[in-house]
Amino acid sequence: MTQAVASSVVVRVPGKINLQLSVGPKESDGYHGVVTVFQSISLYDDVTVTKEEIGAGLSLDINGDHIHGVPTDESNLAWRAAVLMCQKYELPADLRIEIKKSIPVAGGMAGGSADAAATILAIDALFSLGQTREELHGVAAQLGSDVPFMLSGGTAVGRGRGDQVTSALSRGTYHWVLALSTVGLSTPAVYTECDRLREGMKAVTPQVSDHLLQALLAADPVALGKSLINDLQPAACSLRPALRLILDVGGEYGALGSIVSGSGPTVAFLVSDEDQALDLAVALTSSGVVGSVMRVSGPVPGARVTDVH
Ligand code: C5P
């Protein structure tokens, strides 16, 4: 029988941006084959999982700004992660999950996936399961395409649906300015719009960008800025035309690169240092086309236990 060693575990998990997101055609399972390069960034959710008395069942509480519309029932990915872990490892599903949210909701930064990854890791620690990363990645992949990367973090290449993750070498720290929107975009809707925009075009098999990997190896933000690529960007801009205006502001103020993050609508601007980040943040704020602005850096490590009691 599994021995309990703690009553509460806190896991801190970062959000991500996609430096590359190359999308193949839709496959028979409804998903698109992708090649993506992920980078974890310094914007975090904190997930606490606490044991409750027998029979209490699962509960979920979410705190933070702009959490409107985030479900607190079994449709939340963190809840589903808890159910899956409890089933797989035959654990009592009497747990309280508390999420302190800073990663934007439906922003293309995998906030929901981050919370699921954090829940997996918290339950592993809470019950001293001692599962390997591979084991936990297997559970993560059942929950969503981005969840395995949110466990490992750093810099990684994702293949398949994005769930087959191999870490990539990256040197240096990259500075980003994020332009956040108050209203999110639905990932399936953006993929569907991508298919619509590509109707009649020849399908291309996605490949990882050597230029991008070289830029990361060389710690070269200028080369990285030129290599950023997201096949979902035209679709996100088609559904949310204001994103084009936001992308333009970055160009005008000398960003090294500008990209919609994942399925959007967050726009990420790569800048050379913290001073330029501050200048661009001010320019974006005063442009009037942006909801709010954040300055972050990456890569940072993935989900990790920060407190046990
Ligand atoms: O895997 P996840 O649940 O995060 O995916 C959400 C939706 O995004 C899927 O239902 C699918 O419509 C779309 N998607 C896709 N191809 C991928 C990843 C996601 O079409 N590689």
Original post:
Which condition number does SER152 fail, the rest of (1) free of Cβ contacts under 8 Å to residues at least 60 places away in the same chain; (2) away from the ligand (no atom under 16 Å from the Cβ); (3) of a type in the set (Ser, Thr, Tyr); (4) buried (at least 21 other Cβ atoms within 10 Å of the Cβ) being met?
Top reply: (1)
**OP:** For region 171-253, please list each of the helices (runs of 4 or more DSSP H) lying entirely inside it that holds at least 1 residues being at pLDDT below 95 and surrounded by 13 or more Cβ atoms within 10 Å (Cβ to Cβ).
**Re:** 242-252
Subject >> Members of region 175-199 found to be in contact with a Gly (Cβ under 9 Å, 6 or more places away or on another chain) and more than 25 Å from ALA140 (Cβ to Cβ), listed by number >> reply: HIS175, VAL177, ALA179, LEU180, SER181, THR182, VAL183
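Suppose we filter LEU91, LEU95 for residues that are over 20 Å from PHE149 (Cβ atoms), touching a residue at least 40 places away in the same chain (Cβ under 8 Å) and buried (at least 21 other Cβ atoms within 10 Å of the Cβ); which single one remains? Can you show your working first?
Details: LEU91 fails: buried (at least 21 other Cβ atoms within 10 Å of the Cβ).
Every option except LEU95 fails the conditions.
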Original post:
Tell me, which residue of region 155-192 that is within 16 Å of the ligand (Cβ to nearest atom) and of a type in the set (Lys, Arg) is farthest from PRO221 (Cα to Cα)?
Top reply: ARG161
Original post:
Between a first residue in region 264-282 that is in a loop (DSSP other than H, G, I, E, B) and a second residue that is basic (Lys, Arg), which pairs have beta carbons less than 8 Å apart while being 6 or more apart in sequence or on different chains?
Top reply: GLY264/ARG240; PRO265/ARG240
**OP:** Residues being out of contact with any Lys or Arg (no Cβ under 6 Å at 6 or more places or on another chain) and either assigned to a loop (DSSP other than H, G, I, E, B) or within 16 Å of the ligand (Cβ to nearest atom) (or both): count how many of those fall in region 36-56.
**Re:** 6
Original post:
Any idea which of SER59, SER102, SER22 is in a strand (DSSP E or B) and surrounded by fewer than 20 Cβ atoms within 10 Å (Cβ to Cβ)?
Top reply: SER59
**OP:** Report whether or not ASP45 is more than 30 Å from THR205 (Cα to Cα) and at pLDDT below 95.
**Re:** no
Subject >> Long-range neighbours under 7 Å by Cβ, at least six apart or interchain, first residue under 28 Å from VAL10 (Cα atoms) within region 27-50, second polar (S, T, N, Q) and within 16 Å of the ligand (Cβ to nearest atom) >> reply: VAL37/ASN18; VAL37/GLN20; PHE38/ASN18; VAL47/THR119; VAL49/THR119
**OP:** Could you check, for region 69-79, whether at least one of its residues is within 16 Å of the ligand (Cβ to nearest atom), surrounded by 19 or more Cβ atoms within 10 Å (Cβ to Cβ) and more than 17 Å from the chain's Cα centre (by Cα)?
**Re:** yes
Original post:
Is there any pair linking a residue in region 110-129 that is more than 20 Å from GLY262 (Cα to Cα) to one that is among the aromatic types (Phe, Trp, Tyr) and away from the ligand (no atom under 12 Å from the Cβ), with Cβ under 6 Å and at least six apart or on different chains, and which?
Top reply: LEU129/TYR89
Original post:
So THR119 fits all but one of (1) surrounded by fewer than 22 Cβ atoms within 10 Å (Cβ to Cβ); (2) among the polar types (S, T, N, Q); (3) on the phi < 0 side of the Ramachandran plot; what number is the exception?
Top reply: (1)
Original post:
Which one is nearest to ARG161 (Cα to Cα), of the residues in region 94-148 that are under 19 Å from the mean Cα position of the chain (by Cα) and of a type in the set (S, T, N, Q)?
Top reply: SER145
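The values are calculated or read from the model by the stated rules, or taken from the named source; none is laboratory data. Predicted, not measured: the structure shown is a model, and the values here were computed from it. Glycine gets a Cβ as well: all are built from the backbone with ideal geometry, and neighbour counts include every protein chain shown.
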